[in-house]
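**Student:** Could you have a look at this structure, given as structure tokens, before my questions?
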Amino acid sequence: MEYKYYYDSPVGMLELVSDGQSLTAILFSNQQTETITRQENGQLPIFKQTTAWLDQYFQGHKPDVIVPLNPQGSEFQQYVWSELQAIPYGELTTYGDIAKKVGSLLNKPKMSAQAVGGAVGSNPLSIIVPCHRVVGKNGSLTGFGGTIKNKIKLLELEDVDMTPLYIPKFSTKP
């Protein structure tokens with residue numbers, strides 16, 4: 001059984017998903033789908049822990065709440081997601097840097113940054129597993145399931161120095 005709870009955040013309504021014990025996904029509104037049946041249950045301890053973590057985060061603090069995580073993915077994805085969790089609050093890294101680290105762990109010195117990008121893009125636990133802290137080698141803000149606008153909001157919230165980054169211009173037209 002999967003459970004869900006909705007959290008209203010500065011980056012939109014987030015759907016929190018759990019197996020009942022651990023957090024398995026955080027979905028932005030553009031990632032939510034009604035085709036998967038999940039029981040809504042805001043009383044689960046995991047949702048209370050996650051809400052406390054998100055409250056601290058969106059207040060501009062590095063959260064000190066521990067949230068049990070259980071993302072589902074391949075062994076390679078798990079390695080990449082583990083590296084994402086090692087990126088310090090308010091700091092950035094590149095897909096290439098993660099590729100070097102994961103390649104070293106897997107004894108593959110020529111690990112592809114594109115392969116890493118695919119694993120980063122499939123991270124089901126956005127924000128808590130901070131894929132928004134990964135940029136292209138030239139500082140470009142690429143690939144974020146929650147939209148580039150939300151990636152920028154999250155980086156600004158963490159007081160990341162945005163000056164060296166390539167930030168795409170967004171149209172204000174609908």
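**Student:** Determine if segment 110-125 includes at least one residue that is touching a Lys or Arg at 6+ places or on another chain (Cβ under 8 Å), surrounded by 20 or more Cβ atoms within 10 Å (Cβ to Cβ) and not hydrophobic (A, V, I, L, M, F, W, C).
**Tutor:** Looking through segment 110-125, none of the residues is touching a Lys or Arg at 6+ places or on another chain (Cβ under 8 Å), surrounded by 20 or more Cβ atoms within 10 Å (Cβ to Cβ) and not hydrophobic (A, V, I, L, M, F, W, C).
**Student:** Only one of Gln72, Gln31, Gln77 is buried (at least 16 other Cβ atoms within 10 Å of the Cβ) and within 24 Å of Gly117 (Cβ to Cβ). Can you tell me which? Full working, then the answer.
**Tutor:** Numbers: Gln72 fails: buried (at least 16 other Cβ atoms within 10 Å of the Cβ); Gln31 fails: buried (at least 16 other Cβ atoms within 10 Å of the Cβ).
When all the criteria are applied, what remains is Gln77.
**Student:** Taking segment 34-50, which residues are part of a loop (DSSP other than H, G, I, E, B), of a type outside the set (A, V, I, L, M, F, W, C) and either at pLDDT 95 or above or open to solvent by 50 Å² or more (accessible area, probe 1.4 Å) (or both)?
**Tutor:** Narrowing segment 34-50 to residues part of a loop (DSSP other than H, G, I, E, B): 34-38, 41-44.
Imposing the further condition that a residue be of a type outside the set (A, V, I, L, M, F, W, C) reduces the set to 34-35, 37-38, 41-43.
Correct list: Glu34, Thr35, Thr37, Gln43.
**Student:** Met162 is checked against (1) modelled with pLDDT under 90; (2) touching a His at 6+ places or on another chain (Cβ under 7 Å) and fails just one. What number does that condition carry?
**Tutor:** With respect to (1) modelled with pLDDT under 90; (2) touching a His at 6+ places or on another chain (Cβ under 7 Å), Met162 is out only on (2).
**Student:** Given the conditions (1) among the aromatic types (Phe, Trp, Tyr); (2) farther than 24 Å from Gly60 by Cα; (3) in contact (Cβ under 8 Å) with a residue 60 or more places away in the chain, report the number of the one that Tyr3 does not fulfil.
**Tutor:** Every condition holds for Tyr3 apart from (3).
**Student:** Could we say that Lys62 is outside any loop (DSSP other than H, G, I, E, B), among the basic types (Lys, Arg) and open to solvent by 40 Å² or more (accessible area, probe 1.4 Å) here? So that I can check it myself, show each step before the final result.
**Tutor:** Values: outside any loop (DSSP other than H, G, I, E, B): no; among the basic types (Lys, Arg): yes; open to solvent by 40 Å² or more (accessible area, probe 1.4 Å): yes.
In short, no.
**Student:** Same structure, new question: Looking only at segment 65-81, how many residues end up being assigned to a loop (DSSP other than H, G, I, E, B) and under 13 Å from the mean Cα position of the chain (by Cα)? Before the answer, list the steps.
**Tutor:** Step one: list which residues in segment 65-81 are assigned to a loop (DSSP other than H, G, I, E, B), which gives 65-68, 70-74.
From what is left, the residues that are under 13 Å from the mean Cα position of the chain (by Cα) are 71.
The number of residues fulfilling the criteria is 1.
The values are calculated or read from the model by the stated rules, or taken from the named source; none is laboratory data. Just so it is clear, the structure is predicted and the values come from calculations on it, not from any experiment. Cβ atoms come from the backbone with ideal geometry, glycine included; neighbour counts cover every protein chain shown. Remember, those area values only see protein heavy atoms, side chains included, never the ligands or the DNA or RNA. Shrake-Rupley method; radii C 1.70, N 1.55, O 1.52, S 1.80 Å.
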